[in-house]
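Reviewing the structure listed below.
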Amino acid sequence: MRLSGRITAAAGAALAVLGTLLVSGSTAVSAAPAPKPKVQDTFDSLGPDVKAAKLSSGRTAHYIDEGRRGGTPVLYIGGTGTSARAAHMTDFFRSTRESFGLRLISVERNGFGDTEYDPSLGKADFAKDALEVLDRIGVKKVSVIAISGGGPYAAELAARAPGRIKALHLAAALPPYGEKAAYCGLSDDALADAVKDSIADPRSWWAFPDDSAVKSIPGFADTAYEEGARTYNQRGQKSDPAPQVHEQKLYCQRPGPDLSKLKAPVYLYGGDKDTTVPTAAALATWRKALPVTPVVRTYADSGHDVQYRHWDQILVDLAGHGDRTVVCRNDHTKLMAPKQADRLVAAHKATLGSCAWQK
């Protein structure tokens, strides 16, 4: 007989089931239940809390203290024009930091963020305040990572308490030695006029070149802009350039502190494209001032953003694994012996740093 172009509802349902069985190869059909929505039992972090401590000097120090209390203490000294919360800008590798058990501490400098401005204070006062904060939170020995304009403060700290430094890490760090910068000859008013517009606009202060690796970090630019706004406006100071001028004039002081008693290992990081703290000159200057031979890591892919592009390697070094290099190979991040890593990178079979940079 001739088949009709219409089938009954029951026959249609049977054919649909048969089709499902043929495709799945199953003898029974079961729909997976939809996942039930769940409300979490704890809060997710929005970044570090800024804490306050009244010091013996009568000043109030503002600081962050992130990570397991029994973890390896790391003092983060940010670049010029940063608040205590600037360390939050490295949270794009927070999971790695936490996996290494690193406890990240940062003490705010004079006039920035929550901290009142006192024109009588210098770099030695910061070192004293930072050490007192470390005492308050029970930290005796600490590894130090200093970024850019944090370099002179790290040197002051290392000179004041060399026995408390477990390791010193300096990333694109300005040395308080050698020739002074050209701006050192400017008056305070002239320097204030030179910086006032950029510190009033965080987008200008935190501008990175278009080819900077930080452009690939989700939310990095906005986090940086928020940090800039906090640094210069947190207390309602409305981008007063005075603290910035004061700090930059402190960078002009010579001679720098005596580091001859420092015995801790030192790591230097630089980007070949850095025009803010030119790498070759800065590394040579640090080498002359240091009593130990530093481990030097330079990168052709970086400029003054080296501390972010290679923060993964800095974390590995801070955790005490300086004999390993971070590489991405076959879409997996690995820690390798330096010679093996160099060979694979040279053969274009691996790239330096986490695979996150290749996504």
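The values are calculated or read from the model by the stated rules, or taken from the named source; none is laboratory data. It should be emphasised that the depicted structure is a prediction, and the values quoted were computed from it without experimental measurement. No Cβ is skipped: glycine too gets one built from the backbone with ideal geometry, and neighbour counts run over all protein chains shown. The accessibility values were calculated without ligands, DNA or RNA, using every heavy atom of the protein model including side chains. Shrake-Rupley method; radii C 1.70, N 1.55, O 1.52, S 1.80 Å.
Quick notes on this one:
- Fully extending the segment from THR298 to LYS249 would add 14.8 nm, taking 0.36 nm per residue of separation and subtracting the current Cα-Cα distance.
- Cα centroid of region 253-299 to Cα centroid of region 93-163, whole Å: 18
- Other residues lying with their Cβ under 13 Å from the Cβ of SER216 contribute a combined charge of -1, Lys and Arg counting +1, Asp and Glu -1.
- Filter on LYS215/LYS273; LYS128/LYS261; LYS128/LYS249; LYS128/LYS215 - keep pairs with C-alpha separation over 25 Å: LYS128/LYS215
- Solvent accessible area, Å² - ARG94, 1.4 Å probe, full protein context: 50
- The figure for SER56 is an accessible area of roughly 100 square angstrom, using a 1.4 Å probe on the protein chains alone.
- Pairwise FRET efficiency - ASP342 versus GLU98, Cβ, R0 = 35 Å, nearest 0.05: 0.75
- Ranking PHE43, PHE220 by solvent-accessible area of protein heavy atoms (1.4 Å probe, all protein chains present), from largest to smallest, gives PHE43, PHE220.
- Within the chain, percent of DSSP bridges classed antiparallel, to nearest 5: 40
- Listed by chain and number, the aspartates and glutamates whose alpha-carbon sits under 16 Å from that of LYS51, ignoring those within fewer than 8 places in the same chain, are ASP65, GLU66, GLU108, ASP114, GLU116, ASP129, GLU132, ASP135.
- Cross-link partners for LYS339 among the aspartates and glutamates, with Cα-Cα distance under 12 Å and sequence neighbours closer than 8 places in the same chain left out: ASP323.
- Estimated from helical segments only, the mean residue ellipticity of the chain at 222 nm is -9500 deg cm²/dmol, where each DSSP H run of four or more residues counts as -39500 (n - 2.57).
- Summed side-chain charge close to ALA192 - residues other than ALA192 whose Cβ falls under 14 Å, Lys, Arg +1, Asp, Glu -1: -3
- In the context of the full set of protein chains, residues of the chain present 52 Å² of accessible surface per residue (probe radius 1.4 Å, heavy atoms only).
- Within the accessible area of the chain (1.4 Å probe), percent carbon and sulfur: 53
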